[in-house]
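In what follows, a single structure is set out as structure tokens and then discussed.
Since every read-out is calculated from the coordinates, none of them should be taken as a lab result. Remember, it's a predicted structure, so these values are computed and weren't measured experimentally. Here the Cβ positions follow ideal geometry from the backbone for every residue, glycine too, while neighbour counts run over all protein chains shown.
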């Protein structure tokens, strides 16, 4: 259950990071509200997961999931240009996150 909470929290990290970027310096109301809600839930989930998952592993997985999904969203939305190098680095990042779960 803690791993599921950690994964969902990592997904919410991508939500709040994207909302923060769209908030125009916290000036736009809807993206700012999404940012605040998502960051609170994401941090609470990370905190919960760290009760049983080692801090370093939990944080690395949380950041890896959030960063990967944020970059993928950038590719899909056209805000970032997908390149072979970026794509390969995302594969390495996801592989590292999976590896941390396997060795935990």
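Screening the candidates 86, 81 for the property of being over 13 Å from residue 12 (Cβ atoms), in contact with a helix residue (DSSP H, G or I) (Cβ under 9 Å, 6 or more places away or on another chain) and surrounded by 12 or more Cβ atoms within 10 Å (Cβ to Cβ) yields one hit, 86. Screening 97, 71, 40 for residues that are farther than 30 Å from residue 24 by Cα and either part of a helix (DSSP H, G or I) or touching a helix residue (DSSP H, G or I) at 6+ places or on another chain (Cβ under 6 Å) (or both) leaves exactly one candidate, 97. Do we have any residue at all in the stretch 59-74 that's more than 14 Å from residue 20 (Cβ to Cβ) and either in contact with a strand residue (DSSP E or B) (Cβ under 9 Å, 6 or more places away or on another chain) or without any contact (Cβ under 8 Å) to a residue 12 or more places away in the chain (or both)? No: the stretch 59-74 contains no residue that is more than 14 Å from residue 20 (Cβ to Cβ) and either in contact with a strand residue (DSSP E or B) (Cβ under 9 Å, 6 or more places away or on another chain) or without any contact (Cβ under 8 Å) to a residue 12 or more places away in the chain (or both). Per the conditions (1) crowded, with 17+ Cβ neighbours inside 10 Å; (2) in a helix (DSSP H, G or I), the sole criterion not satisfied by residue 53 is (2).
Per the listing 90, 46, the residue uniquely over 18 Å from residue 16 (Cβ atoms), part of a helix (DSSP H, G or I), out of contact with any strand residue (DSSP E or B) (no Cβ under 6 Å at 6 or more places or on another chain) and touching a residue at least 12 places away in the same chain (Cβ under 8 Å) is 90.
Taken together, 4, 26, 20 contain a single residue that is free of Cβ contacts under 8 Å to residues at least 24 places away in the same chain and in a loop (DSSP other than H, G, I, E, B), which is 26.
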